[in-house]
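Every number here is computed from the coordinates shown, using simple stated rules; none is lab data. Just so it is clear, the structure is predicted and the values come from calculations on it, not from any experiment. Glycine gets a Cβ as well: all are built from the backbone with ideal geometry, and neighbour counts include every protein chain shown.
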Amino acid sequence: SSGINAEYGESQEPVYTVLALTPCAKLWPWLGQQIGASENNFGVYTSWVKENLDPESTGYKKYEQQVEWAYEAGTVTADKALKIFTTSMQNEVNFFNSVARCGCGANVPSCFLLLALLLISSRLYHP
């Protein structure tokens, strides 16, 4: 999301930066749920996983509230919000696709595409 943050954060209303962070804030807890972050042992990474991939994290809801308030106040437009959100989500996909595959046969891009569709259809982006 850093590219989109720089692009919109410097020239737009600050709430668009909050919007650009929302996919990451929703994605990481979802990933934590998928890998069992709250109950599995990840060796030396266990504390990092539990802190950063906490499936119970709802911090993204604060972002959603700020964006909704800005939308209701006329500061945020639905078209621009959807473009920023979609670009930020694609940046998350690109990040995960930038690492070498383990050869395990997992279809990671399809999982992220499905997640993106679910997040985009959330009530936050439907006025």
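Could you rank the peptides 31-43, 78-90, 55-67, 13-25 by their average count of other C-beta atoms within 10 Å per residue, with the highest value first?
Those peptides, ordered most packed to least, come out 13-25, 78-90, 55-67, 31-43.
Can you list the lysines whose alpha carbon is less than 24 Å from that of LYS50, not counting same-chain residues fewer than 8 positions off?
LYS26, LYS61, LYS62
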